[in-house]
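The values are calculated or read from the model by the stated rules, or taken from the named source; none is laboratory data. Since we're looking at a predicted model, the values are computed, not measured. Note: ideal-geometry Cβ built from the backbone for every residue, glycine included; neighbour counts use all protein chains shown. Just the protein is used for accessible areas: all its heavy atoms, side chains included, with ligands, DNA and RNA removed. Shrake-Rupley method; radii C 1.70, N 1.55, O 1.52, S 1.80 Å.
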Amino acid sequence: MKPFYITTPIYYVNDKPHIGHAYTSLACDMIARFKRLDGFDVRFLTGTDEHGQKIEKAAATKGVDPQEFVDEVSQSFRNLSQVLNLTNDDFIRTTEHRHKQAAQHLWNQLVASGNIYLDEYAGWYAMRDEAFYQEDELIDGKAPTGAEVEWIKEASYFFKLSAWAEPLLEYYAKHPEAIQPESRRNEVLRFIEGGLKDLSISRRTLRWGVPVPGDADHVMYVWLDALTNYLSALGYPDDGYQQYWDQAIHMVGKDIIRFHSVYWPAFLMAAGISPAKTVFAHGWWTVEGEKMSKSLGNTVDPVEMVETYGADAFRYFLLRDLSFGQDGDFSKTAFINRLNTDLANAYGNLCQRVLSFIYKNADAVIPTPAEITSEDKALMAMPKSVLGNLRNAIDHFHLHRYGEAIWQVIGEGNRYVDAQKPWSLKKEDPVRMATVLYALCELIRQIAILTQPILPLASAKILAILSQEKSDFSALEVALMPGLKIDEPQPLFAKYV
Ligand code: MSP
């Protein structure tokens, strides 16, 4: 099986999870699920970023020991996997031994290749971004991101980032797929073309971090530490990490593209490792038209959303409503509309009217078809025929198109039911009714196979009602067996006012 590796950013544990974290993780989960169904050997990684000044301060504010603090908050991110029904194969924490070891190994590689030197850093630092800024980057005394900055002057190890501008530009010229979407790629290229300054990669006035090998007075800069998680989870530097690494896809929000597409590939190249295959930066959600912030109290809590609407509904909205890569707005009205229109009225209704009808009027077994018309054939061929488009949507990160393509087929399914009127055929032509119902079961079965990456719970329910065990994409090629029992269908999706 071909290896496939996809990662979320590792989340800061200074606060509990919100919709932004849920979004990045869900996008990765959708892709990971699709790839598994499509026969790939998938590794899907998420985890928590637990070092740095921000976390140290958050722990101090709460009056607890940093380790105790990160243990607790990290657990709420681990729980998010259950809540959102994520299929991550691993969960990495930067306070784990396996990670610290890998980070120190990478550091040693950078030293060995002559990319690290000791000097003094004098400049601005924004704790919120965990980033260094030059004087000329500040806007009204703040970081360009709006974060507060403080002046820092201390001994620091530096990474020779300036030497990597040319190699990075050459690499990106040869690998257009390495930064996506294109607008982000251009943004990164302009930044590199502007010239790169050497990067401070250690802190002396901070204790909460991975110790710099050979100099216990310093801890590693939290981004160098954090980025290494993508390798440490694969067992780097031991053999065997490479096969997944070669296929690595980093899904990130647009705010952290520079760390992933400038610093990270430069560290990697300097250590003799090839950069990740792709970094994809998605957009940001606002909430009811406003920037989400704790002070406004408008953060969307994924746990509450799932408790109220179910994991599938929340997943479906996030992965369908927003053109993936763009910014978008989370509004309650749009959310409810989509659940009602697409889930309850379109998909739910198709399944409910067909499966309940069979349960009540056709002995609760999948009917045996008689003469199959060209219309029936076309209907049953439809879901299979969109698999190519779905693959394309996944491989090109057009995640919103996934649902679009399937819901067209669902629309056709509902039109077929209206046109064929199985309820009238019951008396007029029971043989034809059996064929129509068989065609519809076959349609629903295939749709349920295809909707698994986006609606895993509902798909599993539908496949169980139809007594289907095999559900990867190869099952699309094997026609549905008539005569199997149909369990009593329950409504799949609620309607909301
Ligand atoms: N710890 C770093 C990442 C290190 S990766 C080696 C970090 N963590 S974070 O918790 O602040 O953010 C994680 C992700 O959440 C980012 O991809 C960010 O873009 C995303 N989001 C945070 N708020 C968001 C929205 N409002 N909307 C969409 N995504 C947003 O950065």
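Bridgeable lysines around Lys57 (alpha carbons under 16 Å apart, same-chain partners fewer than 8 residues away excluded): Lys16. Taking every alpha-carbon pair within segment 246-351, the share separated by more than 15 Å comes to 72 percent. Legend: residue pairs Lys384/Lys495; Lys461/Lys485; Lys360/Lys427, Cα-Cα distance threshold 18 Å; pairs beyond threshold, Lys384/Lys495. Looking at segment 434-497, the GluC sites (Glu not before Pro) that sit in a DSSP loop and have at most 16 other Cβ atoms within 10 Å of their own Cβ are Glu469. Taking label points 7 Å from Cα along the Cα-to-Cβ direction, Asn414 and Phe191 give a separation of 4.3 nm.
Of the residues His396, His99, ranked by 1.4 Å probe accessible area with the largest first, the sequence reads His396, His99. For the chain, the longest principal axis of the C-alpha atoms and the axis of helix 374-395 are separated by about 0°. Here's the picture: charge each Lys and Arg Cβ at +1 and each Asp and Glu Cβ at -1 in segment 375-466, and of Gln452, Ala464, Tyr416 the one pushed furthest to the positive end of that dipole is Ala464. In terms of overall dimensions, the C-alpha atoms belonging to segment 171-302 reach 49, 40, 34 Å along their principal axes, ordered largest to smallest. Spherically averaged projected area of the convex hull of Cα atoms, segment 90-210: 9.5 nm².
Angle of helix 19-37 to the longest C-alpha principal axis of the chain, folded into 0 to 90 degrees and rounded to 10: 60°. In order along segment 64-81, the Karplus-derived 3J(HN,Hα) couplings, from 6.51 cos²θ - 1.76 cosθ + 1.60 at θ = phi - 60°, round to 10, 5, x, 5, 4, 4, 5, 4, 6, 5, 4, 4, 5, 6, 4, 5, 4, 4 Hz, and Gly and Pro are given as x.
Accessible surface of Arg93, taken over heavy atoms with a 1.4 Å probe and every protein chain present, rounds to 40 Å². Ignoring solvent entirely, what values of log10 I(q)/I(0) come out of the Debye formula for segment 38-80 at 0.35 Å⁻¹ when each Cα is a single scatterer? Log10 of I(q)/I(0), two decimals: -1.20. When the solvent-accessible area of segment 265-338 is split by element, carbon and sulfur atoms take up 48 percent of it, the probe being 1.4 Å. Ordering of 407-413, 224-230 by packing is 224-230, 407-413, highest average first (other Cβ atoms within 10 Å, averaged per residue). Ordered by solvent-accessible area of protein heavy atoms (1.4 Å probe), largest first, the residues Val303, Val417 come out as Val303, Val417. Pairs with C-alpha atoms separated by more than 25 Å, drawn from the list Lys142/Lys254; Lys100/Lys294; Lys35/Lys377, are Lys100/Lys294; Lys35/Lys377. Normalised by 2.2 N^0.38 Å, where N is the number of residues, the C-alpha radius of gyration of the chain stands at 1.11. Quick one: check the C-alpha center-to-center distance for segment 439-497 versus segment 268-289, whole angstrom. Here the two parts' Cα centres lie 35 Å apart. To the nearest 10, the accessible area of Lys277 is 80 Å² with a 1.4 Å probe. So how far, in whole Å, is the C-alpha centre of segment 306-368 from the one of segment 105-141? Here the two parts' Cα centres lie 48 Å apart.
Toward the positive end of the charge dipole of the chain, with +1 on the Cβ of Lys and Arg and -1 on the Cβ of Asp and Glu, the farthest Cα among Ile201, Leu476, Gln75 is that of Leu476. Taken about its Cα centre, segment 93-240 carries a charge dipole of roughly 360 debye when the Cβ of each Lys and Arg holds +1 and the Cβ of each Asp and Glu holds -1. When the helices of the chain are scored as -39500 (n - 2.57) per DSSP H run of n ≥ 4 and the total is divided over every residue, the value at 222 nm lands at -14500 deg cm²/dmol.
Taking the Cα centre of the chain as origin and assigning +1 to Lys and Arg Cβ atoms and -1 to Asp and Glu Cβ atoms, the resulting dipole is close to 1300 debye. Over segment 14-108, the ratio between the Cα radius of gyration and 2.2 N^0.38 Å evaluates to 1.23. Placing +1 on the Cβ of every Lys and Arg and -1 on the Cβ of every Asp and Glu, with no other charges, gives segment 304-391 a dipole of roughly 140 debye about its Cα centre. Each semi-axis of the equivalent ellipsoid for segment 361-466 is √(5λ) with λ an eigenvalue of the Cα gyration tensor; in descending order they amount to 28, 15, 10 Å. I'd like the distance separating the alpha-carbon centroids of segment 178-226 and segment 406-438, in whole Å. If we compute the Cα centre of each part, the gap is 60 Å. Computed on the Cα atoms alone, the convex hull of segment 84-130 gives a volume of 148 cubic angstrom per residue.
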